[in-house]
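The block underneath contains the structure these notes are about, expressed in structure tokens.
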Amino acid sequence: MPNCYRLLLNSESDRPPRIAIAIALGLSLFLAMNASTALAEAITIRSAQITVAEQLEIPALESGTLVERFFREGEVIEEGQKIGQIDDQVARLAAAKARAELALAKALTESDLKLRFARKNAEVSKAELTRSLESVARYPKSVSQTELDQLALAAQKAELEVEQAEFDQRQLALQQEIRAQELAGAELMVARREIKSPLSGTVVNWKKQRGEWVDAGTPVVRVVRLNPLRIDTFLPSSQARLLRIGQTIQFLPVAGKKSPIDPSKETGKQTSQVTPREGKITFINPEVDPVGQQVRIWIELPNPDLSLRPGDRGDVTLELPETDTPVTVPPVR
């Protein structure tokens, strides 16, 4: 306990002890309030402009004629959805051929007639050689040595034919795998002629019309994602240092720099008050602009009803914790 508290509590003055305790508690509260180093300060970024968070010019993966467009400008599409088609007749024929070759290879692999015949032939040749050897053992010279040599050769040949049939069977299995890979490649070439969107968004511009030739890698359609949107703005370095990723903000749409946006004015309905939207900070640039001492920040702004559009403006309000504690920079070693 600080000395000032001991003096108040141990004082031999005529004050009652309750008064001394109250003074001590009041002094403690006063010191605690003065020792607070964090105060909340709200700042407003006026007329911050909304931008697109993600956009993409989708290219054609293969050359060909654009034969179909499945969505018009302004229509909403989902991620992975097919939005255009390049002529794929030749690719489909190649895929059909590869599919037939795979079916043939599979049928040959499943058929083991040659292997079974070779094994049966080997059994017969071995049996003939065994019977001839038994006959010679009982009745010498009943079978000439030449015949025995021929029977032994036939038995060895039959064994080799079994090995050859087994090798051919393994080769057919490998051929089946090769045909399967060829079919996968042919089907991939068909799929590469489908123009699909890698993101959910809105079609804003077709760069090619139906019937036009498209080279591989040429942008065909532009898609923008409208939910969420982004506010790309700058703050002084001293303020940006106090921010954190994920911090929430309040956004109030405004028309120009003065009045809030009122969608009901366009529909003729009764005017209603515009409510602020909540967003969050998603990026704080670790670099400081050496000229203006500004730091770039990104604010993600949900837009589930798609009522906000890129180019709209609004006021961004966020809280900055101020600190009275000086920042100590460690010396460079």
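I'm checking my understanding of the structure. Among residues of the range 150-175 that are open to solvent by less than 90 Å² (accessible area, probe 1.4 Å) and farther than 16 Å from D112 by Cα, which one is farthest from the chain's Cα centre (by Cα)?
L151
Is it true that some residue in the range 126-141 is within 60 Å of the chain's Cα centre (by Cα) and loosely packed, with under 15 Cβ neighbours inside 10 Å?
No, the conditions are met nowhere in the range 126-141.
Restricting attention to the range 107-121, and to residues there that are open to solvent by 100 Å² or more (accessible area, probe 1.4 Å) and not aliphatic (A, V, I, L, M), which single residue is nearest to A180 (Cα to Cα)?
The qualifying residue nearest to A180 (Cα to Cα) is E110.
Assess whether G314 counts as being under 14 Å from A48 (Cβ atoms), under 30 Å from the mean Cα position of the chain (by Cα) and either open to solvent by less than 40 Å² (accessible area, probe 1.4 Å) or among the small types (G, A, S) (or both).
no
Among the numbered criteria (1) open to solvent by less than 50 Å² (accessible area, probe 1.4 Å); (2) of a type outside the set (A, V, I, L, M, F, W, C); (3) more than 30 Å from I195 (Cα to Cα), which single criterion is violated by D88?
(3)
Please work out which residue is nearest to L308 (Cα to Cα), limiting yourself to the range 176-207 and to residues that are over 26 Å from the mean Cα position of the chain (by Cα) and surrounded by 18 or more Cβ atoms within 10 Å (Cβ to Cβ).
Only one residue fits best here, namely L183.
Can you work out which of the residues in the range 15-60 that are touching a helix residue (DSSP H, G or I) at 6+ places or on another chain (Cβ under 9 Å) and surrounded by 15 or more Cβ atoms within 10 Å (Cβ to Cβ) is modelled with the highest pLDDT?
Once the filter is applied, the top-ranked residue is I23.
If you check R116, R138, R72, R92, which single one turns out to be among the basic types (K, R) and modelled with pLDDT of 95 or more?
R92
Give the number of residues within the range 107-126 that are more than 14 Å from Q156 (Cβ to Cβ) and either part of a helix (DSSP H, G or I) or of a type in the set (V, I, T) (or both).
Let us first name the residues in the range 107-126 that are more than 14 Å from Q156 (Cβ to Cβ), namely 107-117, 119-120.
Imposing the further condition that a residue be either part of a helix (DSSP H, G or I) or of a type in the set (V, I, T) (or both) reduces the set to 107-110, 113-117, 119-120.
Within the range 107-126, residues that are more than 14 Å from Q156 (Cβ to Cβ) and either part of a helix (DSSP H, G or I) or of a type in the set (V, I, T) (or both) number 11.
For L104, indicate whether it is farther than 30 Å from P219 by Cβ, at pLDDT below 85, over 36 Å from the mean Cα position of the chain (by Cα) and of a type outside the set (G, A, S).
On the way: farther than 30 Å from P219 by Cβ: yes; at pLDDT below 85: no; over 36 Å from the mean Cα position of the chain (by Cα): yes; of a type outside the set (G, A, S): yes.
Against the criterion (farther than 30 Å from P219 by Cβ, at pLDDT below 85, over 36 Å from the mean Cα position of the chain (by Cα) and of a type outside the set (G, A, S)), L104 does not qualify.
The values are calculated or read from the model by the stated rules, or taken from the named source; none is laboratory data. The model shown is predicted, which means the values in this text are computed figures rather than measured ones. Cβ coordinates were reconstructed from backbone atoms using ideal geometry, including for glycine residues, and neighbour counts include every protein chain displayed. Heads up: the accessible areas ignore ligands, DNA and RNA and are worked out on the full protein's heavy atoms, side chains in. Shrake-Rupley method; radii C 1.70, N 1.55, O 1.52, S 1.80 Å.
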